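What follows is a single structure, written as structure tokens, with notes after it.
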Amino acid sequence: MMNFFKLGNEFNKLANSFGEMFIKINELQPLFEKSEADLIRLKDNYKLEILSLAYFANKEIINRMDKYGWELEAVFRVNGISSNKITIMYAWNQTITKLHMLIGLFELQNEYEDIKNNGPLSQVIEKYIANEKKINKYFN
């Protein structure tokens, strides 16, 4: 019985992670409409944010899905994406697919691979996120 509740809790965490990711991706949506010259100029401004999102996506969504083996056709509610039930595939397309597009636009594929493989950059991002949480704790 405990496994059922743990699995349900993890599924809920997955939905919440997709919701958080969706909000952040939507904040970056205007970047999709920038020219190549603008993207080159903006790369330094957005690199850390995009790589932090990649770290979050890998840890909270991709690894969790791999661990529990959920099917892309599974249905759940994700606040922010829809008030109706949606499939994991729909949530994936609204978040992870767009993140990969940003990674491509900013030519961050090598950095993303390092994060995905839990390389040195992954630890740097993890420390950065931990420090951001500490700072936000003081100001919220």
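Pairs K6/K67; K85/K116; K34/K133; K13/K34; K24/K47; K24/K116: which exceed 24 Å Cα-Cα? Spell out each step's value before the answer.
On the way: K6/K67 13 Å; K85/K116 29 Å; K34/K133 30 Å; K13/K34 33 Å; K24/K47 14 Å; K24/K116 19 Å.
Table pairs above 24 Å Cα-Cα are K85/K116; K34/K133; K13/K34.
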| request: State the answer as a single residue: which of N58, A130, G119 lies farthest towards the positive end of the charge dipole of the chain, with beta carbon charges of +1 for Lys and Arg and -1 for Asp and Glu, about the Cα centre. | output: A130
| field | FRET E, pair N110, D38, Förster distance 25 Å, beta-carbon r, rounded to 0.05 | value | 0.70
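Normalised by the number of residues in the chain, what is the relative contact order in percent for Cα pairs under 8 Å and 6+ residues apart? Please list the in-between numbers first.
On the way: 101 pairs, mean separation 41.9, N = 140.
Across the chain, relative contact order equals 30 percent.
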| What accessible surface, in Å², does a 1.4 Å probe find on E111, ignoring ligands, DNA and RNA and rounding to the nearest 10? | 40 Å²
| request: Taking 7 Å along the Cα-to-C-beta vector as the label spot, tell me the Q29-N79 distance in nanometres, rounded to one decimal. | output: 2.0 nm
| task | Taking only Cα atoms and a 10 Å spring cutoff, compute GNM fluctuations for the chain and point out the largest among L72, L121, L99. | result | L72
| task | Would you mind putting 84-93, 27-36 in packing order, based on average other-beta-carbon counts within 10 Å, highest first? | result | 84-93, 27-36
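Averaged per residue, what accessible area in Å² does segment 15-140 show with a 1.4 Å probe, protein chains only? Intermediate results must be reported in sequence, preceding the final value.
Details: 7770 Å² over 126 residues.
Heavy-atom SASA per residue in segment 15-140 reads 62 Å².
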| note | Heavy-atom accessible area of segment 11-128 with neighbours in place, 1.4 angstrom probe: carbon+sulfur share in percent works out to 49 percent
| query | Taking K and R as +1 and D and E as -1, what net charge do the other residues with C-beta under 14 Å from the C-beta of E10 add up to? | reply | +3
| query | With charges only on Cβ, +1 for K and R and -1 for D and E, what is the dipole size of the chain about its Cα centre, in debye, rounded to 20? | reply | 560 debye
| message | Whole percent per 10 Å bin, from 0 to the bin with the longest distance: what is P(r) over all C-alpha pairs of the chain? | response | 11, 37, 35, 15, 1, 0
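The values are calculated or read from the model by the stated rules, or taken from the named source; none is laboratory data. As the structure is a prediction and not an experimental result, all values here were calculated from the model. Virtual Cβ from ideal backbone geometry, glycine too; neighbours counted across all protein chains shown. Ligands, DNA and RNA are excluded from the accessible area calculation, which covers all protein heavy atoms including side chains. Shrake-Rupley method; radii C 1.70, N 1.55, O 1.52, S 1.80 Å.
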